[in-house]
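Before any comments, here is the structure.
The values are calculated or read from the model by the stated rules, or taken from the named source; none is laboratory data. Computed from a predicted structure; not experimentally measured. In this analysis, Cβ positions are derived from the backbone assuming ideal geometry, glycine residues included, and neighbour counts consider all displayed protein chains.
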Amino acid sequence: MEQRQQRARSDASKERRRQDLLAAARKLASAAGVNAVTLAQVTADAGLHPSGIRRYFDSREELLLELAQDGWVAWSQSLVENLKGRRELVSERIVDAIVETLTAQPLFCDLITHVPVTLEDGVGRDRAIEYKTAAFAAYDEMVNAIAEASATLTAGAAQDLLVAALGLTSYLWQVAHPGPVLASIYVDVPEWGHAAASFRDELRRLLTHVAVGAGSRR
């Protein structure tokens, strides 16, 4: 275990400590999944006394919600950059861009499931509003980028496509990353683990159906 750090005094030191905690949570969640993250593990990894985290985050939910907020920003920036300057793209190419940029954020893919179930309602009203503001700003940027780049998708259709991407990812990511019990079952009954073996392919296949259908309603 790392030696515990002294209490941060200056604003700069406090911000560094806060970033250390976020980095520790990100590392733990990436390695073992969001469900496995505990405040005790995070503080130990960051070299902080367990009680010290309350000076930076009120709860586990607030800590993880911050990571989800970062994920929204990263995904939006990546997708907007991917589509920048591209025009008249067919639906399949739009889906490729969404899948490529979303699956490049594996922690965010995991967090998508947890945000509406536990994280948003596990923080205070002001923090929830802050998260929603950032998430919807990122979402709106992606909607505009998709509508500008697509040959067939309107802004409304782009919204439908992103909602579908989030919903499918929320389910498929969890299925594709089973715990030890389900993993052993899938070895014995491979057909049950089909979705678990092909997250990216399943996401692309299903999202393509949504995109083609949404584009045809223009």
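Table for the structure above
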{"quantity": "Residues satisfying the stated conditions in the stretch 159-199, i.e. polar (S, T, N, Q) and either at pLDDT below 90 or not in a helix (DSSP H, G or I) (or both)", "calculated": "SER198"}
{"quantity": "Test: LEU21 is over 23 Å from SER150 (Cβ atoms), assigned by TED's automatic domain parsing to the domain that holds VAL143 and assigned to a helix (DSSP H, G or I)", "calculated": "no"}
{"quantity": "Pair list, Cβ under 6 Å, 6 or more apart: the stretch 191-204 residue under 12 Å from ALA165 (Cα atoms), other residue at pLDDT below 85", "calculated": "GLU202/ALA195"}
